[in-house]
Amino acid sequence: VFLLVTLVVHRPATAEEGRVETIQVHSPSLVGNRLEDTPNRDVLVYLPPEYDQDSERRFPVVYLLHGYSADETLWSGGGYVSDLNLAKVAGKSRGNALILVAPDCKNGYGGSWYTNSPVTGNWEDFITKDLIGHIDTKYRTIPNRDSRGIAGHSMGGHGAIKIAMRHAELYSVVYAMSAAWVDFDKTVNQEFSEQLALATKLKQRDVFPEIPWRGRAFIALAAAVAPNLNSSPFFVDLPVDGHGQRIDHIWKRWRKHDLVHQVATYRGNLRKYKAISLDCGSEEPNLLPQNVALSEALGRAGIRHTFEKFEGNHADRVADQLESKVLPLFSRLLEEDE
């Protein structure tokens, strides 16, 4: 059952920009999660000016996934990208008109990693079942894979690739912007292992907001890839002990979610995509080698894709990339209404 409630209209319709509204989607997939996060999620929806100009026309859809610690307002100037205005960016981006959909996937641990978990809820199912079902019911979409794409930034880039790998029946184009932690071997290095070791010593969940952000992000990732309802206080299994030494049997559970190593598993699905694009900034010392490793894994598997290293850091080029690279790709390749 989908809850169809429009809450806020952020911007009036203009011939140049279109409009953005925020709706709320009830997600059965998130009901009963251990963190007690609401299953009623805010979702930002951009409608192009053509949507109001032609009441019979249907449109391709792109789903935009935000990064860790952000929410759907990332795409409208909130969070870590203050210069991003989705309506203006979409208005400037030339090409076929698109509906853009940006859900709030921030949970009690700061981010869902777009993964099903008995601790945080079934976030993959929220994106691929509940959200698509709601959008295709409420809006004039073209409800097939050839007219549907998925993209994201940082944790959202991770989520876009993960979901694309597993759901080629739903999407035909994917773009990952500065995808975070796609190669766990490079993620859990010596520096990060020390932060993980500190997290293993925490005894109460109420200290979570006081933990440095990377420690919080690791706990959030652990809740996605190695949940353990019997392990208090966070209900997760971390891959190192209190001295930073790797715990092999837990590490194996983490590695099952490592995207670089999953490329071979999902080779058949990935070959079905019209386009797979990755980018990463030159000033992202941890993420750049990980995205290079992902590109190399795709190459070894014979998966056609593009990878761009741009001049910039993790947040300073999001709006530019969205306008000049991301949206034009989807506009060009997603099929329009006949």
- Message: To test your reading of the geometry: what angle, between 0 and 90 degrees and rounded to tens, separates the Cα axis of helix 213-225 from the longest principal axis of the chain?
- Response: 80 degrees
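Tell me, what % of the accessible area of segment 162-213 is carbon and sulfur with a 1.4 angstrom probe? Could the numbers behind the result be given before it?
Details: 1220 of 2310 Å².
The C+S portion of the solvent-accessible surface of segment 162-213 is 53 percent.
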- Message: Sorted from largest to smallest, which semi-axis lengths in Å does the alpha carbon gyration tensor of segment 209-338 give for its equivalent ellipsoid, taking the root of 5 times each eigenvalue?
- Response: 32, 20, 15
- Picking from Gly149, Gly79, Ile276, whose Cα lies most toward the positive end of the charge dipole for the chain (charges on Cβ: Lys, Arg +1; Asp, Glu -1)? Ile276
- Query: Counting only heavy atoms of protein chains, what accessible area per residue, in Å², does the chain have with a probe of 1.4 Å?
  - Reply: 41 Å²
- Could you state the principal axis extents of the C-alpha atoms in segment 275-338, from the largest down, to the nearest angstrom? 45, 31, 11
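Tell me, what % of the accessible area of segment 244-338 is carbon and sulfur with a 1.4 angstrom probe? Intermediate values should be presented prior to the final figure.
Details: 2300 of 4840 Å².
Ligands and nucleic acids excluded, carbon and sulfur reach 47 percent.
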- P(r) of segment 249-303 over all Cα-Cα pairs, binned every 5 Å from zero, in whole percent: 4, 19, 23, 22, 18, 12, 3, 0
- Task: Go ahead and set up a Gaussian network model of the chain, Cα springs under 10 Å, then flag whichever of Ile150, Ile23, Ile211 fluctuates most.
- Result: Ile211
- Note on the structure: For the chain, the Cα convex hull volume per residue in Å³ comes to 123 Å³
- Gyration tensor on Cα atoms of segment 79-134, a ≥ b ≥ c root eigenvalues, a/c under 1.5 rounded, else prolate if a/b beats b/c, else oblate, says oblate
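What value in Å³ per residue do you get for the convex hull of the alpha-carbon atoms in segment 39-185?
On the way: hull volume 17.2 nm³, N = 147.
Dividing the Cα hull volume of segment 39-185 by its residue count gives 117 Å³.
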- Report, for the chain, the % of DSSP beta bridges that are antiparallel, rounded to 5. 45 percent
- Item | Candidates Ser82, Ser172, Ser231: whichever shows maximal mean-square fluctuation once the chain is modelled as a Gaussian network with Cα springs under 10 Å | Ser231
- Task: Kindly flag which residue pairs out of Lys186/Lys256; Lys88/Lys186; Lys92/Lys274 have an alpha-carbon separation exceeding 26 Å in this structure.
- Result: Lys88/Lys186
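Can you give the calculated 222 nm mean residue ellipticity of the chain, where each DSSP H run of n ≥ 4 adds -39,500 (n - 2.57) and the sum is split over every residue, rounded to the nearest 500 deg cm²/dmol?
On the way: 13 runs with 100 residues, N = 338.
Calculated at 222 nm, the ellipticity per residue is -8000 deg cm²/dmol.
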- Item | Rounded to whole Hz, the Karplus (6.51, -1.76, 1.60) HN-Hα couplings of segment 304-314, x for glycine and proline | 5, 6, 10, 9, 10, 9, 9, 7, x, 9, 5
- Query: With the chain treated as a Gaussian network of Cα nodes joined by springs under 10 Å, which of His249, His66, His167 yields the largest mean-square fluctuation?
  - Reply: His249
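The values are calculated or read from the model by the stated rules, or taken from the named source; none is laboratory data. Since the model is a prediction, treat every value here as computed from it, not as a measurement. No Cβ is skipped: glycine too gets one built from the backbone with ideal geometry, and neighbour counts run over all protein chains shown. Remember, those area values only see protein heavy atoms, side chains included, never the ligands or the DNA or RNA. Shrake-Rupley method; radii C 1.70, N 1.55, O 1.52, S 1.80 Å.
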